[in-house]
1. How much length, in nm to one decimal, is gained on full extension between residue 411 and residue 116, taken as 0.36 nm per residue of separation minus their Cα-Cα distance?
2. Take each of the peptides 257-263, 67-73, 420-426, 115-121, average the number of other beta-carbon atoms within 10 Å over its residues, and list them starting from the highest.
3. For segment 210-337, count all C-alpha to C-alpha pairs, find those more than 18 Å apart, and express that count as a whole percent of the total.
4. Using the 10 angstrom Cβ neighbour count as an exposure proxy, how do 386, 277 rank, fewest first?
5. Just to be sure I understand the model, the point goes 7 Å from the Cα along the line to the Cβ. What's the resulting residue 477 to residue 457 distance in nm?
6. With a 10 Å radius around each residue's Cβ, average the other Cβ atoms per peptide and rank 395-404, 222-231, highest first.
7. In what sequence, highest mean first, do 369-382, 319-332 appear when ranked by Cβ atoms within 10 angstrom?
8. Compute the semi-axes of the equivalent ellipsoid of the chain, taking the square root of 5 times each eigenvalue of the Cα gyration tensor, and list them largest first in whole Å.
């Protein structure tokens, strides 16, 4: 035990410190320990080697030990080490012994593919009409009806898709003609999209693993992956809402690899995710493109911890509707997402953003510049929203839309949140024109007291662990908005 403690300590210390010469000496010492008569010494040495960094000679020693050892525990330890450092020689060795280390074979193959054939999801590739394909647009709870209406307007009316159903956090649609991912990413209100591959009913463990692997490697999955992937086909397996399921992931990924070696499970930089969502009927398997950055957020140059969720900002803009020559103000603009999403809908004359954070305002200005909002005047001022009259262009009765996601006291401390929301109602009543609107995420069950605002709509939405109300108020003496 003293020896293995020393090996562990050396692995940790020299991974972070020490000269190149010292690390070379330590690497040689650990490599010699791979021939130690004590199995435990060998296992700890092979676990420490990847921390120091290895080359072809160390890989050769590990492969030699793999070919001579008879112990199951040592074989597994060698597999875990070779997963981290192995290359073509390792792949050749494990492929020569089918079934010995299927996970190691797959991980090394994925690592080599990552280096030799970088992958990307192709947004412009057209998928021929495939019977049975379902597209699931996922969103925050409470935003489903907004996502559905955007789908109707932008996709159903084109004749390329039809709505199937919508339920909590998901809107489902089916293609009626060949399509590309760019068609779907023309929508702005959903959070993520996935292709529904099927539902697996839970049963005994072996049958459950087999059924999941069959769905992951199904003809439909292969068609989607081959159509939309440039380079090697790799995916990350994720049991959604179940935390880390390393054992289950390993079993399912290994069985899927046995069924289809061309589709590789890879936890690092995979262009696709296989999301396993629990449902009332079992487990729904969805194939989700992992595209970073999101092509819809081409304008997003930077972020801050308290920034708005972009799909929520897009939903708020749609809830607001539009008047000709819209004048928009966000009293707590942050990085400007609500203002930009509103302007992208068109018909906007000017946008005004105020905030108490100079850093956020600097990012907001950069984001607006990147968005290239033709014909839209933009101004950002570091000022308290109570003092809106100090901002050129913001005077009583000058604004047609106040849209904002105010601080809610969780990531940004608010001494008196109820007073802040009450003051927002009052200020909005002053700055809005008759017929103008206030659209905001209200964290409290409070309504305007004395302000000339009338509630027009309200949706309860989940903001990640707590409920909030997406509300729309109209300034009295209103004229209808589109």
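Bear in mind these aren't lab numbers, they're just calculated from the coordinates by the rules spelled out. Note that the structure is a prediction, hence the values are computed from the model and not measured. We place every Cβ from the backbone using ideal geometry, glycine too, and count neighbours over all the protein chains shown.
1. Values: separation 295, 0.36 × 295 = 106.20 nm, distance 4.22 nm.
Full extension of this stretch gives 102.0 nm more.
2. Working: 257-263: 16.6, 67-73: 10.0, 420-426: 19.1, 115-121: 13.6.
Result, highest mean first: 420-426, 257-263, 115-121, 67-73.
3. On the way: 5211 of 8128 pairs.
Of all Cα-Cα pairs in segment 210-337, 64 percent lie more than 18 Å apart.
4. Numbers: 386 14, 277 21.
Neighbour counts put them in this order, fewest first: 386, 277.
5. In this crude label model, residue 477 to residue 457 measures out at 2.6 nm.
6. Values: 395-404: 20.9, 222-231: 17.1.
Those peptides, ordered most packed to least, come out 395-404, 222-231.
7. Details: 369-382: 15.3, 319-332: 21.1.
Highest-to-lowest ranking by the protection proxy: 319-332, 369-382.
8. Working: eigenvalues 558, 159, 74 Å².
Calculated on Cα positions only, the semi-axes equal 53, 28, 19 Å.
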